[in-house]
Amino acid sequence: MYPTPFTASLRRYPAVLLMLLAGLLAACSTHPKKPPAPPPEVVRAEIVRLMPASVADRPGWATDIYAAFNAQGLDPSVENLCSVLAVAEQESNYQVDPPVPGMGKIARDEIDRRAGKVHVPNLLVRSALDIRSPGGKTYNERLNAARTEKDLSAIFDDFIGMVPMGKTLFGNFNPVHTAGPMQVSIEFAERQARDYPYTVEGSIRHEVFSRRGGMYFGIAHLLGYPVTYSQPIYRFADFNAGWYASRNAAFQSAVSRLSGTSLALDGDLISYGFSPSVGATELAVRSLHRQLGLRNTTIRSQLEKGDTLEFEETDVYRDVFALADKAAGKPLPRAILPGIVLESPKITRKLTTAWFAQRVEDRRRKCMTRASGAL
């Protein structure tokens, strides 16, 4: 059989054949469509079903959780819903403003610590606490009655604004840092407030103490950033230690292997002090500059991307892992649980970020067992 002009052309230009085949396949196929999002009432019903039966006002919780997912454009998959519920259960056992044992003592210890820092005599501090607050009670009486962080935050807001000693001790800094059913950072919430879907009554700080605000910002902190993690447990560690802490801890581990330097696997790639300085991780990476072929200024600028997904596209990230994988003879993990000991006046025993993440993961698994299927 003699070749026709058409088949001869295909032999000379095989790319033409590939283009023709691709066109035919495209013409004969249909692009799969993304499945439509479940109706709001279906998602809310699923949230109610996934929550423990002992939780009060489950429909109210479901309304606020769905609103947060919808406003932030997050996928209300069973895994995501169970992750959120697991954190809320671990942090507060589904209490909007959970009580803290010994809250009055915690507050007084903080006041005494700050008084000592600015050299204010203890007698003056006690006199200031005996001043009557706007509600008629003295600040001492209110501290004795305080049971939750919301109580304490309100006391400090009044104390700072009404008592001369308040501004001396605290300026405009309220020492209550976390709030709400997910115990989310108030500072984080204030940074993320631009797209908050509710009318703010008072301040974002006050909103975080509400169920709707606490869940909105807690969900944003847990799910509102892209990751390449293979398991949800690393998000739980990040929730406790900061975005990308698990990935960065794995990077620090690889750097430690290569440099022979013992590093704290805390997820902090650069020093975050008030003045520019070079931290232990950055120094260890700099010690590898010959192997990496990178200048110190380049290393610094790329490490500064450690709180973003883009860090994984940098030369320093890729090259460190390439060298470490080769030295180990196998691929090293790209995420590990950070080695951080939790410190807070509210914590009375030694706890770690890894402990927190594992407890939340256990709760998520129980929720997934209850789910028995995806939306």
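The values are calculated or read from the model by the stated rules, or taken from the named source; none is laboratory data. On a predicted model such as this, the values are computed, not experimentally measured, just so you know. With ideal geometry, Cβ positions are generated from the backbone for all residues, glycine too; neighbour counts draw on all protein chains shown.
Could you list, in sequence order, the residues of the stretch 106-127 that are in contact (Cβ under 8 Å) with a residue 12 or more places away in the chain and closer than 29 Å to G180 by Cα? Once the filter is applied, which keeps residues that are in contact (Cβ under 8 Å) with a residue 12 or more places away in the chain and closer than 29 Å to G180 by Cα, the stretch 106-127 yields I106, A107, R108, D109, E110, I111, D112, R114, A115. Checked against (1) in a helix (DSSP H, G or I); (2) at pLDDT below 95; (3) not charged (D, E, K, R), F239 meets all criteria but (2).
Counting the residues of the stretch 281-314 that are of a type outside the set (F, W, Y) and under 22 Å from Y225 (Cα atoms) gives 13.
The rows are residues; the columns are (1) part of a helix (DSSP H, G or I); (2) modelled with pLDDT of 95 or more; (3) surrounded by fewer than 21 Cβ atoms within 10 Å (Cβ to Cβ).
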{"site": "A154", "(1), (2), (3)": "yes, no, yes"}
{"site": "I160", "(1), (2), (3)": "yes, no, yes"}
{"site": "G166", "(1), (2), (3)": "yes, no, yes"}
{"site": "N174", "(1), (2), (3)": "no, no, yes"}
{"site": "M182", "(1), (2), (3)": "no, yes, no"}
{"site": "M215", "(1), (2), (3)": "yes, yes, no"}
{"site": "G218", "(1), (2), (3)": "yes, yes, no"}
{"site": "Y229", "(1), (2), (3)": "no, yes, yes"}
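Only helices (runs of 4 or more DSSP H) whose full extent lies in the stretch 266-336 are considered here, and the ones with at least 2 residues that are in contact with a Lys or Arg (Cβ under 7 Å, 6 or more places away or on another chain) are 296-303, 315-328.
Just wondering, is there one or more residues in the stretch 111-122 that are touching a Gly at 6+ places or on another chain (Cβ under 9 Å) and either surrounded by fewer than 14 Cβ atoms within 10 Å (Cβ to Cβ) or modelled with pLDDT of 80 or more (or both)?
Filtering the stretch 111-122 for residues touching a Gly at 6+ places or on another chain (Cβ under 9 Å) gives 122.
Now restrict to residues that are either surrounded by fewer than 14 Cβ atoms within 10 Å (Cβ to Cβ) or modelled with pLDDT of 80 or more (or both): 122.
Looking through the stretch 111-122, at least one residue is touching a Gly at 6+ places or on another chain (Cβ under 9 Å) and either surrounded by fewer than 14 Cβ atoms within 10 Å (Cβ to Cβ) or modelled with pLDDT of 80 or more (or both).
If we scan the stretch 211-224, do we find a residue that is farther than 17 Å from I65 by Cβ and within 15 Å of the chain's Cα centre (by Cα)? No, the stretch 211-224 contains no residue that is farther than 17 Å from I65 by Cβ and within 15 Å of the chain's Cα centre (by Cα).
The residue that is farthest from Y196 (Cα to Cα), among those in the stretch 58-80 that are surrounded by 15 or more Cβ atoms within 10 Å (Cβ to Cβ) and without any contact (Cβ under 8 Å) to a residue 60 or more places away in the chain, is R58. Evaluated against (1) under 22 Å from Y225 (Cβ atoms); (2) surrounded by fewer than 18 Cβ atoms within 10 Å (Cβ to Cβ); (3) in contact with a Phe, Trp or Tyr (Cβ under 6 Å, 6 or more places away or on another chain), V55 falls short on exactly one condition, (1). If a residue must be among the acidic types (D, E) and in contact with a Phe, Trp or Tyr (Cβ under 9 Å, 6 or more places away or on another chain), how many such residues does the stretch 191-228 contain? Total satisfying the criteria: 1.
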